[in-house]
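What follows draws every value from the coordinates through simple rules; no lab data is involved. Given the structure is predicted, the values throughout are model-derived calculations rather than measurements. Don't worry about glycine lacking a Cβ; one is built from the backbone with ideal geometry, like all the others, and counts go over all protein chains shown.
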Amino acid sequence: GQQLNQSPQSMFIQEGEDVSMNCTSSSIFNTWLWYKQDPGEGPVLLIALYKAGELTSNGRLTAQFGITRKDSFLNISASIPSDVGIYFCAGYYGGSQGNLIFGKGTKLSVKP
Amino acid sequence: DTAVSQTPKYLVTQMGNDKSIKCEQNLGHDTMYWYKQDSKKFLKIMFSYNNKELIINETVPNRFSPKSPDKAHLNLHINSLELGDSAVYFCASSQRTGGALLTDTQYFGPGTRLTVL
């Protein structure tokens, strides 16, 4: 079935550094979503992308919908300690059954 | 005020038992979901209800049965629990905006950690 490859699996960075993570797939998606999950909490939607090539920002976060529709990336600029958590990408290719696929997450740790 | 709440937060039970997890949202949303997150943090949608009607039913064992008594509640009942059912179960809700299904902004509950012994 559909799979998303999310990388890196984990990142250990210094406060103030920029972060980049991405998701790729062998299949085309119509929508890309990026979520953040804090420990013991449910995921929170950060950015939704609906068109190929779309570049969307949410504060220090920027995400792009790849031109091929098979990938997406998320950048975090000037990281701060509260950025720690697990970031998930999710791809959606329409319809209702089995069409929202999540990546396995990128665990971000930020050293003050 | 809590937007999406789940009870219980933790559930430890024996194999073979039947258990329920309750979910309530006070956001006035018309769509609710259940997700399963396994020990490796892999998240997978299980069910979705819109206005109490089932609209998404993933390849989930028949032992799992969602029930929506009204738009604000979506409960998950699990029969004959198995070891592999151990996971964190998340409820979520959203308001249909007319766009593609599943792309509406979903608000997640805090999760219920189910441990089957």
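The fraction of Cα-Cα pairs per 10 angstrom bin, counted from 0 for the protein assembly as shown, comes to 8, 32, 35, 20, 4, 0 percent, rounded to whole percents.
Enumerate by residue number the GluC sites (Glu not before Pro) in the stretch B:1-100 meeting two conditions: DSSP loop (anything except H, G, I, E, B), and at most 16 other Cβ atoms within 10 Å of the site's Cβ.
B:GLU82
Note on B:LEU117 and A:GLN14: their simple-model spin labels are 4.8 nm apart, each label 7 Å out from Cα toward Cβ. May I ask you to list the trypsin sites (Lys or Arg not before Pro) in the stretch B:69-117 that are in a DSSP loop and have at most 14 other Cβ atoms within 10 Å of their Cβ? Answer by residue number: B:ARG96. For chain A, a Gaussian network of Cα nodes joined below 10 Å ranks A:ALA52, A:ALA90, A:ALA78 by mean-square fluctuation, and the top entry is A:ALA78.
Couplings for the stretch A:73-82, taken from phi via the Karplus curve 6.51 cos²θ - 1.76 cosθ + 1.60 with θ = phi - 60°, read 10, 10, 10, 10, 9, 6, 4, 10, x, 6 Hz in order; Gly and Pro are left as x.
Normalised by the number of residues in chain B, the average gap of Cα pairs under 8 Å and 6 or more apart makes the relative contact order 36 percent. Our coupling estimate for the stretch B:104-117, obtained by passing each phi through the Karplus curve with A = 6.51, B = -1.76, C = 1.60 and θ = phi - 60°, is 5, 4, 9, 10, 8, x, x, x, 10, 8, 9, 10, 9, 9 Hz, Gly and Pro reported as x.
The GNM of chain A, with springs linking C-alpha atoms under 10 angstrom apart, assigns the highest mean-square fluctuation among A:ILE67, A:ILE80, A:ILE47 to A:ILE67.
Please give every one of the lysines within straight-line cross-link reach of B:LYS71, meaning a C-alpha to C-alpha distance under 29 Å, and leave out same-chain neighbours fewer than 8 residues apart. B:LYS71 reaches A:LYS36, B:LYS9, B:LYS19, B:LYS22, B:LYS36, B:LYS41, B:LYS44, B:LYS52.
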